[in-house]
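Some notes on the structure that comes next.
The values are calculated or read from the model by the stated rules, or taken from the named source; none is laboratory data. From a predicted model like this one, the values you see are computed outputs, not experimental measurements. When we count neighbours, we look across all protein chains shown, and the Cβ atoms used for this are built from the backbone with ideal geometry, even at glycine.
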């Protein structure tokens, strides 16, 4: 049962070694601040085997098998203004015939089995972009010039997604990759949060030390 996979506890500390010029970095989150993932669910029940939670770490895919379709693990709670923080690691075989890509969905909704909404993108060619999943495509590209020396392409990195009103900001490893001001008042200002694994390649994505602070 999928519910049994989510009855887990968080890992308190994870070590990131040599993130750019900062040397060894310790990223610690008090257990009371870590998001309770017990009620997070895959968008489609047939994709439940692609997701698991182990000791507070969200894992999508296994890095060995082809990901057959875009898949998401998402909250049941909706959020409007918030700051999400996490560590993430994306890995996979770029020669496996598809994209090695992931992202963090927010202010999103499930419409006819599809996740519709903003995405903080993860992956080569997309680092720190804001993408509008199943709606308007890329909204703003991430400025990765300053990020290159700090980014661990297949290692652990940190992400901050901060949204308040119509202002969206993304940070990877403390570097601000983009800012976006939403001018379309018809776009919903609240929705669910989720983690994506893109279809195509033999990929795996991991998220840990996930916190969501409502603003």
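Filtered by the rule that a residue be farther than 16 Å from residue 107 by Cβ and surrounded by 17 or more Cβ atoms within 10 Å (Cβ to Cβ), the range 160-193 gives 171, 172, 173, 175, 177. Of the strands (runs of 3 or more DSSP E) lying entirely inside the range 1-103, those containing at least 2 residues that are farther than 20 Å from residue 203 by Cβ and either modelled with pLDDT of 70 or more or out of contact with any helix residue (DSSP H, G or I) (no Cβ under 9 Å at 6 or more places or on another chain) (or both) span 13-16, 25-28, 82-93.
Looking only at residues in the range 139-159 that are in a strand (DSSP E or B) and under 16 Å from the mean Cα position of the chain (by Cα), which one is surrounded by the fewest Cβ atoms within 10 Å (Cβ to Cβ)? Restricting to residues being in a strand (DSSP E or B) and under 16 Å from the mean Cα position of the chain (by Cα), the top hit is 158.
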